[in-house]
Structure formats: C-alpha cells, structure tokens
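Below is a structure I'd like to ask you about.
The values are calculated or read from the model by the stated rules, or taken from the named source; none is laboratory data. Note that the structure is a prediction, hence the values are computed from the model and not measured. Ideal geometry is used to build each Cβ from the backbone, glycine not excepted, and the neighbour counts take in all protein chains shown. Side chains are part of the model used for accessible areas, which takes the heavy atoms of the whole protein and leaves out ligands, DNA and RNA. Shrake-Rupley method; radii C 1.70, N 1.55, O 1.52, S 1.80 Å.
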Amino acid sequence: GIYAEDLLAVAKSQLGYTESAKNYIVEEPDVIKGYTRYGAWYGSPYSDWSAVFVSFCLHYAQVDVMPVEAMCSDWLIELQNVNMYEPATDYTPKVGDLIFFDWDRDANADHMGIVAEYFPAEGDEASRIQVIEGDCNNTVCFNTYNQVDPDILGYGVLPASQCTETEAPEEEILQPEESVNP
C-alpha cells in the first residue's frame, strides 16, 4: 500500500534482466534492438526501453496515479501537466521518485529510472542518488549519480501511498457480528 516500497520491490525483482541478444531487429547497419519483456508488455518489443521499464514497474506495483508512457519526453510532458514534476535544481529526490536524464543537454528527457536511495552530502562528498535503470547497457541495473550531475533533468514525484479519502480507517469498519449484537 505504500507506492515507493511497492515500486522498488517490483524494480528490484527485475535487476539483472538483459534484452535478448538472439531475438532482435536491425534498424540501421549499426543499430540492433533486442527483444525485451517490457517492450512486449507495452506492445513494442524492440524499442528503447528505459521509459517502458518504468511504466512496467509502476503497472505491476499498482501505482495507478502516474501516467504510463513509452517515451521519456512524453513522460515529462504528462507529469508537468498534472504538477508531478520537479526540476533537478529545485528538488531533493525521495525514494520511489522517477528520475529523468538529459544526456545530450537539449532540455529534453533522453532516459529515465527510479530513485532507489538518496545519500545526503557528508563532509566533502556530494549528495548522491542510487537509481534503478532499465536499458542501461541493455540491462536493468543500479547506478549512482551525484545529485548535481548536469545530466539530471528532473524528477517525477511519486505520491506517498495508495490510500484514498473515500476509504474508511480500519477501526471504523464494523464487522458483521459487531453490528448484529448490541
């Protein structure tokens, strides 16, 4: 019932998964795209898959308050539209947040992952962020970045939990025998 915990549990269960080297397509002479379970789940088995990996993890963690997209740039637009995006310069990430990278520094998201842990600055060491990423050298793995890394574009802010205002707290729910016997 806690989004960040559920999302990380699903993402961690995928660590070590590698796209297929035997089942692939050749898009250009030098570009080979291997099959992935994430792309197959989304309907595009040979696509770039960092965003699809995140969508897959959110789906199986039952985090239904986030948009589901196949492209990092579409994720960014959707999150900005629902006020669930924070630029990297103005935000300290939390476990479970989505992280966006801009590797070519054109202000568009090129890659994304899931924040697995945040390490505050200590002494001369800068704050660091441990991330679970899909499609990182064709695998799902952990990577660690300095929080001030210029390639980090921003964060998709994950809500805290699945509880809704319409759910009654457990202690307020009467059991059948309690309502029958005064």
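Inspect region 60-78 for any residue being free of Cβ contacts under 8 Å to residues at least 12 places away in the same chain and more than 13 Å from the chain's Cα centre (by Cα) and give the result as yes or no.
Yes, region 60-78 has at least one match.
Could I ask something else about it? Out of curiosity, is GLU69 surrounded by 19 or more Cβ atoms within 10 Å (Cβ to Cβ) and at pLDDT below 95?
yes
Go through region 14-61 and count every residue that is open to solvent by 40 Å² or more (accessible area, probe 1.4 Å) and among the basic types (Lys, Arg).
Total meeting the criteria: 2.
Right, something else. ASN143 fails exactly one of the following numbered conditions: (1) open to solvent by less than 30 Å² (accessible area, probe 1.4 Å); (2) under 18 Å from the mean Cα position of the chain (by Cα); (3) more than 19 Å from LEU76 (Cα to Cα). What is the number of that condition?
Result: ASN143 passes all but (1).
Residues in region 27-50: is at least one under 16 Å from ILE152 (Cβ atoms) and touching a residue at least 40 places away in the same chain (Cβ under 8 Å)?
yes
Could you give me the residue pairs with C-beta distances under 6 Å whose first residue belongs to region 89-116 and is on the phi > 0 side of the Ramachandran plot, whose second residue is hydrophobic (A, V, I, L, M, F, W, C) and in a loop (DSSP other than H, G, I, E, B) wherever it lies, and which are 6+ apart or on separate chains?
GLY96/LEU158
A further question on this structure: Could you grab me the full set of residues in region 103-128 that are of a type in the set (S, T, N, Q) and either open to solvent by less than 70 Å² (accessible area, probe 1.4 Å) or over 21 Å from TRP49 (Cβ atoms) (or both)?
Selection gives SER127 alone.
So which strands (runs of 3 or more DSSP E) stay within region 8-97 end to end and still have 1 or more residues that are of a type in the set (Lys, Arg)? Before the answer, list the steps.
Values: elements: 24-28, 31-34, 85-87.
Fully inside region 8-97 and qualifying: 31-34.
Then there's this: Kindly evaluate PHE100 against the criterion of being assigned to a strand (DSSP E or B) and open to solvent by 20 Å² or more (accessible area, probe 1.4 Å).
no
Still on this structure: Please go through (1) modelled with pLDDT of 95 or more; (2) out of contact with any helix residue (DSSP H, G or I) (no Cβ under 9 Å at 6 or more places or on another chain) for MET112 and return the number of the only condition it doesn't satisfy.
(2)
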